[in-house]
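Heads up: the structure comes next, in structure tokens.
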Amino acid sequence: MVVVEQSTVIAAPVKAVMEAVNDVASFPAWATVKGVIYNVQGSGVGKTFEWHYSVEGINFLGKSQIIEQTENTVITKTSGDVDSLWTVTLTPISPKSTAIRVVVEYNPPHRFVEALADQVIQRYATPAVASENLRRFKEMVEERVKITEENL
């Protein structure tokens, strides 16, 4: 198992950050690996979606489900070619500022993709890649808040 943890402060209220966390369709816009999210069903606990990522010509498929959600925490379990558990915790710093902490536990589940998944995890499940993803996520959220404020 590989565990990657990152945190930052986003210039946005908790509600706006949580909306972005729940906007699973936006994941490919800020994620390092290229992919698609589809078949999104439900909301909150029980919400599911499928994903397809391509990394260095290797395709990875799977399904994710939100297994726990509060107004400040979302825990999502993924299963498929790479199993993982994502825990996102939001802490309000001020009315317009939120600390976000993301902890991802990766487990390659299946022998036939284990060697490939291990290579991908070693290359992409790193603090540097996680930091870059979180930077892009932060920019996306802050831009959304800026546009919303301009439109008010």
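Here, each number is a calculation from the coordinates, and none is a lab measurement. Remember, predicted model here, so these are calculated numbers, not experimental data. Please note: Cβ atoms are built from the backbone with ideal geometry, for glycine as well, and neighbour counts cover all protein chains shown.
Odds and ends about this structure:
- The slack between residue 146 and residue 50, meaning 0.36 nm per residue of separation minus the straight C-alpha distance, is 31.5 nm.
- Relative pair counts by distance (%), Cα atoms of the chain, 10 Å bins: 11, 41, 36, 11, 2, 0
- Spin-label zone in region 69-100 - amide nitrogen under 18 Å from a point set 7 Å from the Cα of residue 129 along the C-beta vector: 78-87
- For the set 15/47; 34/63; 15/138; 15/63, the pairs lying more than 23 angstrom apart at their alpha carbons are 15/63.
- Cα-based reach from residue 77 at 14 Å (exclusive), listing aspartates and glutamates while leaving out same-chain residues under 8 positions away: 50, 68, 105
- C-alpha long axis of helix 127-151 to longest principal axis of the chain, angle in °: 30
- Of all stretches in the chain that contain no GluC sites (Glu not before Pro) in a DSSP loop with at most 15 other Cβ atoms within 10 Å, the longest one is 72-152.
- Rg/Rg_ref, region 28-69, where Rg_ref = 2.2 N^0.38 Å and atoms are Cα: 1.26
- Loop trypsin sites (Lys or Arg not before Pro), region 1-108 (other Cβ atoms within 10 Å of the site Cβ: 16 or fewer; DSSP): 96
- Its DSSP H runs of at least 4 residues, each contributing -39,500 (n - 2.57), put the calculated 222 nm mean residue ellipticity of the chain at -11000 deg cm²/dmol, to the nearest 500.
- Partners for residue 146 among aspartates and glutamates (Cα-Cα distance below 19 Å; same-chain residues under 8 apart left out): 19, 23
- Gyration tensor analysis over the Cα atoms of region 1-47 returns equivalent ellipsoid semi-axes of 19, 18, 13 Å (largest first, whole Å).
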